[in-house]
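The values are calculated or read from the model by the stated rules, or taken from the named source; none is laboratory data. All values derive from a computational prediction rather than experimental measurement. Neighbour counts are summed over all protein chains in view; Cβ atoms, including those assigned to glycine, are modelled from backbone coordinates with ideal geometry. All accessible areas refer to the heavy atoms of the entire protein, side chains included, with ligands and DNA or RNA removed. Shrake-Rupley method; radii C 1.70, N 1.55, O 1.52, S 1.80 Å.
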Amino acid sequence: MPAAAGGAPSAEALAVHAATLTLDTHVDIPWPETPDPRGATTRCVDYPKMTAGGLRSVIFAAYLPQGPRTTEGHAAAAARCEAMLRSIRATAAGGDRRIVTRAAELEALRGRPGTGVLLAVENAYGLGDDLSGLALWRGLGACYVTLTHNGHNLLADSAIPRPDLGDGPVLHGGLSSFGRDAIAEMNALGLLVDVSHASKASMLQAVELSRAPIVATHTCVRSLRDHPRNIDDAQMDALRASGGLMQITAVPGFLRGPDATGRIRASVADIADHVDYAVKRIGIAHVGLSSDFDGGGGVEGWMSAADSPKLTAELLARGYDAEALDLLWSGNFLRVMRAAEAVSAAPPQG
């Protein structure tokens, strides 16, 4: 049997892992001081660690912390976002790496050498009240935009309001009219809508409104861990009904509650527990994997990209075969990428 619970992977697990097109759908980059990932760094994800762990592709996110909903705040966030996206592109240059912006480009990595670098924007705060930023972000390579972070923005309510920024529990009652327009524009551009961090009302309204499947790129199961960043059974059912996808992530506090000492100790076994629950509830076609490395993610057995085979080994030990692992690691995300691209290519409605 493959090694489980973070032990050394067996030869079988390593072989399956090596044959799988692996994709981590949410990794933050340190900012503004960003060690170059082309060399060895203290980052959880750099290219040497990806090579060591057989992680074939990664989505680096330009994370925008929520700030004041002011002209100045929005302008600063927009500038930060563009600079981060350009930095990701610049540090992906060289070697056998390639920028990936379309599903076919990601699929082309299968069975061939090379590392795929995808981009995303975490928190549409940087739009301010101007939708034109979405085309800029897509042009720079972004494949998804996370509607909110912690704190309400002009598009939507967040799962975690920010009283220090003047937030009440609710600002818009879900999506604002501008948020609805933004989702329509994202559909037109082929940008996936990411509802991680969004309130339940925002998330359910986005599922109803979007013509393309939506994703929660870094979340966990609320029935197993009652955390506001996790999604409940009703939200999971809505994802399934709309063809969407939830990516179980490696943030300890999303996986487990604190123990008697107040510490949270999570492992790859906890990730697998959440995967098991989600697969049983909504089917394997709607479940995937992500780390949130360099943004709070990291559990025993998967503390960096170099440890990625240990997660594969744990899932193999749970009975997931090579075909299922391919779906969890990248196949399902490829499906929603293709769906978003098909919606974008379709004639305008109306």
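The residues listed here are Val299, Val268, Val279; of these, the one that is crowded, with 19+ Cβ neighbours inside 10 Å, in contact with a strand residue (DSSP E or B) (Cβ under 6 Å, 6 or more places away or on another chain), without any contact (Cβ under 8 Å) to a residue 12 or more places away in the chain and under 23 Å from His227 (Cα atoms) is Val279. His74 satisfies every condition listed in (1) open to solvent by less than 30 Å² (accessible area, probe 1.4 Å); (2) over 23 Å from Asp164 (Cα atoms); (3) part of a helix (DSSP H, G or I) except (2). For segment 251-265, the set of residues classified as farther than 14 Å from Leu224 by Cβ and either open to solvent by less than 40 Å² (accessible area, probe 1.4 Å) or in contact (Cβ under 8 Å) with a residue 24 or more places away in the chain (or both) consists of Arg265 only. Exactly one residue out of Ala77, Ala124, Ala120, Ala104 is of a type in the set (A, V, I, L, M), touching a Phe, Trp or Tyr at 6+ places or on another chain (Cβ under 7 Å) and farther than 30 Å from Ala40 by Cβ: that is Ala77. Between Gly253, Gly262, Gly257, the distinction of being within 18 Å of the chain's Cα centre (by Cα) and farther than 26 Å from Cys143 by Cα belongs to Gly253 only.
Of everything in segment 34-89, what is closer than 29 Å to Asp130 by Cβ and of a type in the set (D, E, K, R)? Give them in sequence order. Once the filter is applied, which keeps residues that are closer than 29 Å to Asp130 by Cβ and of a type in the set (D, E, K, R), segment 34-89 yields Arg69, Glu72, Arg80, Glu82, Arg86, Arg89. From the list Leu21, Leu14, pick out the single residue that is surrounded by fewer than 24 Cβ atoms within 10 Å (Cβ to Cβ) and closer than 13 Å to Leu118 by Cβ. Going through Leu21, Leu14 in turn, just one is surrounded by fewer than 24 Cβ atoms within 10 Å (Cβ to Cβ) and closer than 13 Å to Leu118 by Cβ: Leu21. The residues of segment 220-241 that are surrounded by fewer than 20 Cβ atoms within 10 Å (Cβ to Cβ), hydrophobic (A, V, I, L, M, F, W, C) and more than 24 Å from Ala340 (Cα to Cα) amount to a single one, Leu224. The criterion of being more than 17 Å from Lys310 (Cα to Cα) and surrounded by fewer than 15 Cβ atoms within 10 Å (Cβ to Cβ) holds for Ala40.
For segment 163-193, residues that are farther than 15 Å from Gln66 by Cβ and acidic (Asp, Glu) total 2. Name the residue that is most open to solvent (accessible area, probe 1.4 Å), counting only residues in segment 191-219 that are of a type outside the set (Gly, Ala, Ser) and assigned to a loop (DSSP other than H, G, I, E, B). Filtering segment 191-219 for residues that are of a type outside the set (Gly, Ala, Ser) and assigned to a loop (DSSP other than H, G, I, E, B), the one most open to solvent (accessible area, probe 1.4 Å) comes out as Arg211.
The number of residues in segment 161-183 that are assigned to a loop (DSSP other than H, G, I, E, B) and buried (at least 18 other Cβ atoms within 10 Å of the Cβ) comes to 6. Entry remark, segment 26-70: residues being closer than 17 Å to Gly114 by Cβ and assigned to a loop (DSSP other than H, G, I, E, B) number 8 in total.
Considering Arg229, Arg211, Arg222, the condition of being within 14 Å of the chain's Cα centre (by Cα) and at pLDDT 95 or above is satisfied by Arg229 alone. Pairs linking a residue in segment 28-42 that is at negative phi to a residue that is open to solvent by less than 100 Å² (accessible area, probe 1.4 Å) and of a type in the set (Lys, Arg), with Cβ atoms under 7 Å and 6 or more positions apart or on different chains, are Pro30/Arg43; Pro35/Arg43; Pro37/Arg43.
Any residue at all in segment 82-99 that's among the β-branched types (Val, Ile, Thr), surrounded by 17 or more Cβ atoms within 10 Å (Cβ to Cβ) and part of a loop (DSSP other than H, G, I, E, B)? The answer is no, given that none of the residues of segment 82-99 is among the β-branched types (Val, Ile, Thr), surrounded by 17 or more Cβ atoms within 10 Å (Cβ to Cβ) and part of a loop (DSSP other than H, G, I, E, B).
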